[in-house]
Amino acid sequence: MMQHFPVLAVMLLFLAAFLVEIFGSKNKVIRNGLTLLATTNALVMTLALIKPVMMNGEVISYWMGNWAPVSGYAIGIGYEVDALSLFFGILVTATFWLSSIYSIGYMNKDHHLGHYYTLFLMLSGSVLGLVFTGDIFNMFVMIEIMTFASVALTAFRNDSEGALEAAFKYLVIGSIGSSSVLAGVAMLYSQCHTLNMAQLSSILSGGLTPTSVVAFGLIVAGFGVKSYIVPFHTPAADAYAAAPTSVSMVFSGMVNKAGVYGMIRMVYIVFRAMDHSSVQMLLAVFGAVTMFVGVTMALTQHEFKRLLAFHSISQIGYVITAVSLGSALGLTGGLFHAMNHTLFKGLLFLCAGAVLYRTGTTNLDKLGGLSKKMPQTTICFLIGAGAISGLPPFNGFASKWMIYQGIFTKALTSGNFLYVIITVTALIVSVMTLASFIKVTQAVFFGQLREEHNDVKEVPAVMLIPMYIMAALCVICGTIYPLVSKYLLFPAANASLNVGDYIDKMMGAGYAEAAGVPTMLVEPVTFSFWNPVLWLILFGIVFFAAVIVILLGTNERGKILTAGEKPEAKYATFFSGEEEMFSQVGGSDLFWGFKKNWKGYYKVFTELHSGIVTDYTSYTVIATAIIVMCLFIFMR
Amino acid sequence: MQILLFLVKVLIFPGALFTACVGLFLAGIDRKVIAHMQKRIGPPIRQPMYDFFKLMGKETIVPARANKLVFLGAPIAGFISLAIVMLFIPIFGFTAFSGTADLIVILYFLTIGGVALIVGGSSSGSPYAGIGISREMVTMMSYELPFVLVLLSVARKVGGSTLAFSMNQIADYQAANGSLLFSWSMIPAAIALLLIIPAEVGMQPFDVAEAETEICEGPLIEYSGAALGMFKLNTAMKMCIMTGLFTSLFLGGIRTGTVVCDAIIFVAVCAVVTLVCITTIHAVTARLKIEHLFKFYWTVVSGLALASLILVWMGL
């Protein structure tokens, strides 16, 4: 029974995509109902797998058409769900479920929604399939579906400025990534004569031939493109900004995470390349550069969603760096951060969508003072901003803490000064992230309301519910992370470090041992977290503070006065004795004191982000070549 | 019983009450000494306490443009986070929570203190506050780099690889090997941290964010009454925390055995550090511009901290 769940979840999403196009292009109820049904079904089926996979440590396998391996050779396409797959699977289904709820409210002003939901469901099915599949060529197929659904969704609002351009960039760069994955897969097939990842892993454990090293480089570069690490990040900013926000949220929350999943699956399981310090260093450097470039470019943005897109890039840098450490602590931190990024970045995109939905713009220079009109969105946004900046009590803090610990421990144990630099970078990037979100807070939600936004209202409940769910999860994952790590992170990290089980389940017991893959279980990672008992203390102090406030509030002399309907002069803002006037301290250039000192850096990097597809293509190709060459020279 | 002990630690010692009292005391000393340096008599040392209690009894006006929840919540959030920070700083032999004290946690909770000021100021809707928060944030970005470098060099010097950032380990190391200030490779880092303290507590010449004479206290401009009092208290608490952090990072190792004696010596050392890095610098300098401040921290101070880190990394 259980083993049918993964494939059913994926198939029903695809099936719903076709049904929506056939029956739902005219009828709103059928369309929304089918979409919600399919995504809810996928979510429930994935969550049902938690018990066997995460708690009991089973691996669920399923051979399409019952094409089981014949005399040790895998012929058919197999689905294989281990804890790592399931971890990402839960993220995928949860993200798409929330996005489909949000879409009901958010997309109701658009036309041709049948196409939208078809593409949306295709995208969700392909990402889920990518995560669940055990066959490397099937993975490539899913990447292709994912890329083209994404391209079409990016251009969905093709009457808005820049949508087609963004889609074109996405198409070109995305195709290069897909092609290099395909080339890598072809080379691997020529070497190993199989496409099953479990079997590939056991064959490759005998040692990498030069060809398979090149294949490895191409596949890593390909998944690098899919996860938008610098310098492959170029289409992301345009695409996230141009796509409808419900889709931007999915792009940032899950589609680039699919690339990260592919990277972990390849590096840790198929190639088991983490023993090579050259692979670790290469990924660590790419990760550090990614987080730094992403955040510095985000600081100069004038557009809400573009800014969030650059932060997505930056946060993926954290994940890649953490994963590159090769230690249990690093991997756990990386997975946790990937999950947290899905939550808080999804939340932030939804807030941006809410602003766009009500005001019609996301330009930071044309907004301001919305907190009076959209108080609930403001609170959700502040939670998301706190989480992405890594402030405690939110989830971003817990995962970043683990990542810093991981990198610095690596620096101390390896004695490599590079990791010290990366630690410093990670910590500084976190402050810059904070600065960037202060900018958004000031520019969009605080400050003074513009006249044209006087009749703005809070968004409808169907849009608020996903925001509240994500905000709540941000706080919950930040406070009960011992539970999160016990049931989600440790199983996933252990699954990535213990390859034997994965191979045995797919190819038959004893297969891994015969191929020389160590089946010994790496000890479950244990390390002392920052003690959650402290939250008890926190609540104690909150209580204390609340008591103080209540006491002060009842005190006749020290009471809190708020402006009524007709404000008196004492509630007006201070203007040096002048009359009050419109004066919003704009968001887009808030930190000129910082930028002035960095103008050389910004000059270079603004020129590099030229917006010309040829440039971007050349970065992609050059970086792919560098990855392949570095690995070819140093890995053997 | 356990919970009661927690509450005592959080609310009284070394948490909220202790930090607040010591902070206000340090602020009083600062004002008194600087007055003497400028040939004035100055207020009594108790003056910051009087100010605080007076503000607590005044009415708090929420401006019409402000978001009430954030405007009033920000000072409280700052107060909570700063009260928590002190729990992580060992007072010589005494630590409130063994095994959990951690440099990164301190760094982030200190950040919350700054963020509370920024978000509160931002929510007031005043353009002066807008400029103030911009400067406050840039100041934060400025001192964060050298601060991180200092923390890393201390962590490397003490050098446990399992819990790299443990405060307890730093305290134990100094108890065994003497204060870190007296190992010469750490001296540049100590100087760097001394230069970071005035920026963190917003004292001249690094008080660009609150520059009273140009932007009328920036983020605090619309605050009044109890909320303003809380922010003033937060600044004083930061003074206690930062000097305390310096004390336990670089001047640790004194262990009398009784908590009360430890605490008294701790406060005395904090007062000396305050005089050195806050009062003296305040008395002899004028306010910088924000871009100069940024440059100063990213070149001079970071250079000092980096020198220390490299020396320590080479095993000196």
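FRET efficiency for the pair A:His302 and A:Val70, taken as 1/(1 + (r/R0)^6) with r the Cβ-Cβ distance and R0 = 56 Å, rounds to 0.40.
Projected over every direction and averaged, the convex hull enclosing the alpha-carbon atoms of the protein assembly as shown yields 38.5 nm².
Label separation (B:Gln38 vs B:Glu212): 0.8 nm, computed from points 7 Å beyond Cα along the C-beta direction. Ellipticity at 222 nm from helices only: DSSP H runs of n ≥ 4 in chain B, each -39500 (n - 2.57), divided by the residue count, give -22000 deg cm²/dmol. Report, in degrees rounded to the nearest 10, the 0 to 90 angle that the Cα long axis of helix A:210-227 makes with the longest principal axis of chain A. That helix lies at roughly 20 degrees to the long axis. Can you quote the Å³ per residue value for the convex hull of the Cα atoms in the stretch B:1-120, rounded to an integer? Per-residue hull volume (Cα only) is 166 Å³.
Counting only Cα atoms, the size of chain B along its three principal axes is 57, 51, 42 Å, in decreasing order.
How much of the DSSP beta bridge set in the protein assembly as shown is antiparallel, as a percent to the nearest 5?
Beta bridges within the protein assembly as shown, antiparallel portion: roughly 75 percent.
Rounded to 0.05, the FRET efficiency of the A:Trp598 and A:Phe574 pair, given R0 = 22 Å and the Cβ-Cβ distance, is 0.10.
Of A:Lys257/B:Lys295; A:Lys257/B:Lys157; A:Lys226/A:Lys366; B:Lys58/B:Lys295; A:Lys400/B:Lys238, which sit over 31 Å apart, Cα to Cα? Exceeds cut-off: A:Lys257/B:Lys295; A:Lys257/B:Lys157; A:Lys226/A:Lys366; B:Lys58/B:Lys295. Taking a Cβ cut-off of under 11 Å around B:Gly229, the surrounding Lys, Arg, Asp and Glu residues balance to a net charge of +2, with basic ones at +1 and acidic ones at -1. Summary value for the stretch B:2-313: 30 percent relative contact order, contacts being C-alpha pairs under 8 angstrom separated by 6+ residues. Put simply, the C-alpha atoms of the stretch A:459-504 give a gyration tensor, and the ellipsoid matching it has half-axes of 34, 14, 5 Å, longest first.
Among residues other than B:Ile89 whose Cβ falls under 15 Å from its Cβ, what is the net charge (Lys/Arg +1, Asp/Glu -1)? So the surrounding residues net to -2.
The modelled label-to-label distance between B:Val272 and A:Ser25, using points 7 Å beyond Cα along the C-beta direction, is 8.3 nm. Compute the Cα gyration tensor for the stretch B:253-316, then decide on rounded, prolate or oblate, letting a ≥ b ≥ c be the square roots of its eigenvalues: rounded whenever a/c is under 1.5, prolate when a/b is larger than b/c in the other cases, and oblate in all that remain. Oblate.
Near A:Thr234: Cβ cut-off under 14 Å, other residues only, Lys/Arg at +1 and Asp/Glu at -1. The net charge is -1. Could you state the angle between the C-alpha long axis of helix A:613-634 and the longest principal axis of the C-alpha atoms of chain A, as a value from 0 to 90 degrees rounded to the nearest 10? The two axes meet at around 50 degrees.
The equivalent ellipsoid of the stretch A:180-243 has semi-axes of 30, 11, 9 Å, largest first, where each one is the square root of 5 times an eigenvalue of the Cα gyration tensor. Among complete DSSP H helices in chain B, those whose alpha-carbon atoms stretch at least 24 Å along the helix's long axis and whose mean Kyte-Doolittle hydropathy reaches 0.0 are B:16-37, B:68-88, B:103-123, B:127-158, B:225-250. Computed from the Cβ-Cβ distance with R0 of 35 Å, the FRET efficiency linking A:Ile421 to B:Ala176 stands at 0.70. Relative to its residue count, the stretch A:25-181 spans a Cα convex hull of 125 Å³ per residue. Here each label is just a point 7 Å from Cα along the line to Cβ, and for A:His111 and A:Val44 those points are 3.7 nm apart. The radius of gyration of the Cα set in the stretch A:302-348, together with its Dmax, comes out at 11.8, 39 angstrom. Shape of the stretch A:426-473 from the C-alpha gyration tensor: oblate (a/c of 1.5 or more and a/b not above b/c, with a ≥ b ≥ c the square roots of its eigenvalues). For helix A:304-324, what angle does its Cα long axis make with the longest principal axis of chain A, in degrees from 0 to 90 and rounded to 10? On a 0 to 90 degree scale, this one is about 40. Less than 14 Å from a label point 7 Å out along the Cα-to-Cβ axis of A:Leu483: which backbone N atoms in the stretch A:374-395 qualify, by residue? The answer is none. Ordered by the number of other Cβ atoms lying within 10 Å of each residue's own Cβ, fewest first, A:Trp598, A:Trp67 fall into the sequence A:Trp67, A:Trp598.
Where a number appears in this text, it was derived from the coordinates with a stated rule and is not lab data. Keep in mind it's a predicted model, so treat the numbers as computed, not measured. Don't worry about glycine lacking a Cβ; one is built from the backbone with ideal geometry, like all the others, and counts go over all protein chains shown.
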